[in-house]
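One structure is given here, and the rest of the page talks about it.
Read the figures in this text as sums done on the coordinates, not as results from a lab. In this text, all values refer to a predicted model and were calculated from it rather than measured experimentally. Cβ coordinates were reconstructed from backbone atoms using ideal geometry, including for glycine residues, and neighbour counts include every protein chain displayed.
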Amino acid sequence: MELVWFKSSHSTNEDANCVEVAETDEAVLVRDSKDSNGPHLTFELAAWRAFVAFAANARV
């Protein structure tokens with residue numbers, strides 16, 4: 001299975017500190033956009049959804 005990686009719509013090509021995300025039926029994978037052949041982190045869907053919900057409600 002080939003993964004489809006994407007960056008946030010808030011990211012620009014000039015942004016040096018980006019991550020890319022790919023989703024499967026069972027997990028979400030996250031990698032450094034500058035090192036596409038490097039390692040990635042894998043999160044269970046429930047953990048990723050909890051993180052996204054927390055980040056969306058966090059006050060900076």
Packing-based order for 1-7, 48-54, using average beta carbon neighbours within 10 Å, highest first: 48-54, 1-7
Cα pair distances exceeding 15 angstrom across the chain, given as percent: 56 percent
Computed lengthening from GLU2 to THR24, 0.36 nm per intervening residue step minus Cα-Cα distance: 6.9 nm
Fewest-first sequence of SER33, SER8 by Cβ atoms within 10 Å of each Cβ: SER8, SER33
